[in-house]
Amino acid sequence: MILLTIDRRSLLKFLDELKREAELIAPVQRLGGATFEEIKDIEEVNFLEGNPLSSPKQFFFPQTDELFQLRMGTFSFKEKAKRKRRILFGIRPCDVAALEFSDKFFSSEHGGYEDIYYWIRRRSTFLIGINCLKPEESCFCFLCGSGPFAKKSYDLQLTPLGNSYLVEVGSSQGEEIVSTFSDFFLSATDDEKREKEILEERMEGEFSHKEVEIEKVTDRLLEDGFSGALIENEFWEEIGNRCLDCGGCNYICPTCTCFSIVDKADRNLEFGERAKIWDSCNFSGFTRMASGANPGANKRDRIKKRFFCKLLYSIENQGLLGCVGCGRCSKVCYGEIDILKVAGEIQVNEND
Amino acid sequence: MGVLPSYNSPVNQGKLCVKGWNCYEYVKSPLRLVRPLMRKKTRGSKRRAESLDDFREVSWRKALKSIALKFKDIRKKKGNNAIGLLSSAKCTNEENYLMMKLARAVLQTNNIDHCARLCHSSTVVGLMRAFGSGAMTNSIEEIEKAEVILVTGSNTTEQHPEIGSRIIRRVLKGAKLVLVDPRNIHLSKFATLHLRPRPGTDVAWINGFIHVILKEGLADSDFIDKYTENFSSLREIVKKYTPPFVEEMTGIPDKKLIEAARIYGSSRQAMIVYAVGITQHVTGTDNVLSLANLAMITGNIGRSSTGVNPLRGQNNVQGACDMGALPDFLTGYQKVEDGDIRKKFEQCWDVKLPRDMGLTETEMFVEGNPIQALYIMGENPLLSEPNIGRVEKFMESLEFLVVQDIFFTETARWADIILPGSSFAEKDGTFTSTERRIQRVRKAIEPVGESQADWKIICQLAKELGYSMEYSYPAQIMEEIASLTPIYGGVSYSRLDKNGGLQWPCPEESHPGTPYLHRGGFKRGKGLFTPAEYKPPPETTDEEYPFLLTTGRIYQHWHTGTMSRLTFTLQREVPQAFVEMNPRDGIFLGIRNGQLIKVISRRGEIIAKAFLTERVGERTIFIPFHFSEAAANRLTLDSLDPQAKIPEYKVCAVKVKLWGESN
């Protein structure tokens, strides 16, 4: 593994250099909070505040993604051409893990088929992650094995060390880039490597008061098997009552990948477009069939399904935990439905 | 395009409802109006257009010139008051201000109103009379410290989820929730007590509450003595509203009424929260005044986490009222009849202003009124007015109609000229939320097609009419508003850009804004008790029309559905109209869930699917009014509250039968 360092000033210069050839996406601070945006001016990059409320999901799987347009008797695909190269900078380990998950979801593994709209964007993106020194109250990445320090799936990974950053190179593309821009980097010293290890240990310690063991929660759900054999309906009922059907937890979730296909046409049916849009399993229309019959008509069952999906089905289907512990869903929830708290209650239930 | 909630906003705190999350979708809909349209001459005798084929595209210049010419002609022939304007609770403050200015300064009429007439005019009239200010007295975040929350006539989690969710979160932390609503709603699950009065009996149960509170010595007599007047007449009137007497009228069990009154009356941190279930009655003003009485006898007003809190519905219905898109007020509730006030505006606008109060929206659609031409911006009265059949009849006789909208609405079908306005995402400006919070909206994209920001359209039309409105940017309009409007006096874009907005009254640049009103005394001086007697609804059920119909809204759709029904996720959730009916009534009539039924009133009929549910009591049905193909307002009654002119949307008599059944 190549280990380098780069100082803060050089880092911005390095990004500015990369921006000449590629679209740079990084966290910026707005009036409403931090967001990931395409950067016009390098000075806007501000990645040391809280994790943006929006994950980088939108850059691979946008809220609405036009697939093709139709004009009376003809059609054209929008994304035929190769995309411009993209640098995604400042994403935290939780979001890196989430990308790993959606890579599986949108791939042809497990009998699915490859979603080209996702992969055109994904393959042209270079990931520069940053290890997290600022976990928030609602975060629990450590419990999900996705952070606070990333172990894989990045191209470059930074760890803030005082006024400079330790740089870990995680891919051949990463190697290529650091050798092209070698002027910006220095070799890391043993002290710096040691410093990173100490930091990592300290950051992991920040989660020690959160005692939920996700594996046990998964086992517990497996045992229940959605039958209600172990976890009584009232438990889900109470959570369901607090859900106000906004869909926010799905929309904001970096691993929620469900979508709908929507056709829109002008009134003369001369022009139309087909788009992929974010969907939410919390909506009753998500599972309603043409006959009107609906296995998810009841809010209790929908919310229950969501937790089964995140904490059990994801492992069965994608081989990865569907929750990366970013805590965003708790932040947007009207009913204070906190996934870690729910998981903890499921686990404690086991000891009854 | 997409949507993200504002994490730092003191209101949203990172949360959005389903409509908020999906509101980007209609903005670029292929159905947007993108060019000015003029009705083809060949339309024949049919006033209502079948489709857009009945229109032809014209240039902005041609459209605006034609409107100006026609307006001038009508004014010359029939007088200034032959023209009426409807402003929009969806448009910005700046746009509402200009629309109001266009009516008064340019067209020389006070015939300007907007849809607040249909939702909260009784709030404005009632709270203005009782307290001296017609808006929500307290702030949303104060719910977090309330001990008791009395919610009535508000399906808060569906219509104001931001507020409904705060109520739930507060109740989970121990506050008591007293819910008074005929329907079983989501909040019922969290209510300490849920009283279910018969629709239209609000004055009776509120007087009953007051009766119990006085009888049990729970009133705050110090507060009453010091801050209010006319208490003795209230005391007289509520004497006979004993719990058994109230039970007879409302159907609320007397013991429950007593228990609920005790809960509210015992607290000094009690908030009243209400919406159109209170206001949309012929007794709407009485209902509002009665809630004001209830708050005043317990001293639950003028402090944090208390008050009488009307929840306004549309994004800027508060602002449209504030901006004087009302026939009797200029901006900031300054009376148009007041000569000094008019003089102030006349000096600023350099024109003489008309003094007599104009027509209200509900009066503009009545046959026999002087209206010959209407200019309607961002409103859809052909679906939102009660008794649509009557409105259609009026439209047949209307000489000239201009509709400015983003979609080809039901109302636009009747237009002579359609002007394409633009959506919230395409303009700068301010909106004022229900808690009197003035907030910025910022342009995210250029106007779609040839559409224009509504403020720009109004300025150009004014120019065609010979009056100059020169503004390069909405901030300049706000400067003018602030200079003329004491409650907005300290508002400027530079201040609004710094934080999550300002709550009026904000009279000066250094004023921080006002989270709650009537601190240390009422705006009008003393709080005025105005007692009311219970009056039965104008139309009651009988043998022929045995069901009571109450109309309302649902979570996924918004007002007349012009935007929400073009939004995939929302439309998929609730694709069509339905009639909520109690399962026992269904069994009695042989109606099964999902069957098409016909609902008939004395004014019209509609066909929709039956939805059998315990949400409504027996002999009561509920229909949401969002759906043009099954418009609930074909059935509703156009009786008006005599004071606020708000219609009775919540009570009328209907009969129901299976569709396809003979007779």
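Every read-out reported here was derived from the displayed coordinates using simple, explicitly stated rules and does not represent laboratory data. Keep in mind that this is a model prediction, so the values were computed, not measured. Don't worry about glycine lacking a Cβ; one is built from the backbone with ideal geometry, like all the others, and counts go over all protein chains shown.
Observations on the model:
- Of all lysines in the structure, the ones whose alpha carbon falls short of 19 Å from that of B:LYS609, not counting any fewer than 8 places away in one chain, are B:LYS598, B:LYS655, B:LYS657.
- Separation of alpha-carbon centers, region B:122-184 and region B:1-78, rounded to whole Å: 33 Å
- Partner chain coverage, peptide A:237-248 - average Cβ within 10 angstrom: 5
- Normalised contact order of chain A, rounded percent, pairs of Cα under 8 Å and 6 or more residues apart: 21 percent
- Selected from A:GLY205, A:GLY325, A:GLY170 as most flexible by GNM, with chain A as the system and alpha-carbon contacts under 10 Å: A:GLY205
- Percent of Cα pairs in region A:162-223 per distance bin of 5 Å, from zero to the largest separation: 4, 13, 15, 14, 13, 11, 10, 10, 7, 4, 1, 0.
- Extension gain (nm, one decimal) between B:GLN576 and B:ARG262, 0.36 nm per residue minus Cα-Cα: 108.8 nm
- Computed on region B:121-310, with alpha-carbon pairs under 8 angstrom and 6+ residues apart, the relative contact order is 33 percent.
- Expressed in Å, the radius of gyration and Dmax of the Cα atoms of chain B are 24.1, 73.
- Cα point-scatterer Debye curve for the protein assembly as shown, base-10 log of I(q)/I(0) at q = 0.05, 0.09, 0.10 Å⁻¹: -0.33, -1.09, -1.32
- Those trypsin sites (Lys or Arg not before Pro) in region A:244-352 that DSSP places in a loop and that have at most 11 other beta carbons within 10 Å: none
- Loop-located trypsin sites (Lys or Arg not before Pro) in region B:422-502 whose Cβ has at most 11 other Cβ within 10 Å (DSSP): B:ARG442, B:LYS498
- Take each residue of peptide A:325-334, count the partner chain Cβ atoms within 10 Å of its Cβ, and average: the result is 3.
- Net length gained if the chain between A:SER208 and A:HIS110 were fully extended (0.36 nm per residue, minus Cα distance): 31.7 nm
- Order by protection proxy (mean Cβ within 10 Å, highest first), peptides B:14-25, B:473-484, A:124-135: B:14-25, A:124-135, B:473-484
- Label point distance in nm, A:LYS40-B:LYS344, each placed 7 Å from Cα along Cα→Cβ: 4.0 nm
- In terms of overall dimensions, region B:1-93 has a Cα radius of gyration and Dmax of 20.1, 56 angstrom.
- Rounded to 5, percent antiparallel among DSSP beta bridges of chain B: 40 percent
- Distance from region A:248-279 to region B:523-589 (C-alpha centre basis), Å: 31 Å
- As a rough footprinting exposure proxy, the listed residues B:VAL203, B:VAL403, B:VAL58 were ranked by other beta carbons within 10 Å of their own, and the order from fewest upward is B:VAL58, B:VAL203, B:VAL403.
- Within chain A, the proportion of C-alpha pairs whose separation exceeds 27 Å stands at 51%.
- Using a simple spin-label model with pseudo-atoms 7 Å out from Cα toward Cβ, B:SER233 and A:LEU31 lie 4.6 nm apart.
- Restraint check, A:LYS134/A:LYS216; A:LYS264/B:LYS189; A:LYS264/B:LYS40; B:LYS90/B:LYS650, Cα-Cα greater than 31 Å: A:LYS264/B:LYS189
- Only helices enter the 222 nm calculation for the protein assembly as shown: every DSSP H run of n ≥ 4 contributes -39,500 (n - 2.57), and dividing by all residues gives -9000 deg cm²/dmol, rounded to 500.
- Where Rh is the Kirkwood radius over Cα pairs, Rg/Rh for region B:547-658: 0.98
- Packing order of peptides B:146-158, B:94-106, highest average first: B:94-106, B:146-158 (average count of other Cβ atoms within 10 Å over each peptide's residues).
- Set the Cα radius of gyration of region A:211-325 against 2.2 N^0.38 Å, with N its number of residues, and you get 1.26.
- Protection proxy ranking of B:596-607, B:162-173, B:125-136 - average other beta-carbon atoms within 10 Å, highest first: B:125-136, B:162-173, B:596-607
- Net charge in the neighbourhood of A:VAL262 (other residues with Cβ under 11 Å of its Cβ; Lys, Arg +1, Asp, Glu -1) is -2.
- For the segment A:288-297, counting C-beta atoms of other chains within 10 Å of every residue's C-beta and taking the mean gives 1.
- Fraction of antiparallel bridges per DSSP, chain A only, in percent to nearest 5: 75 percent
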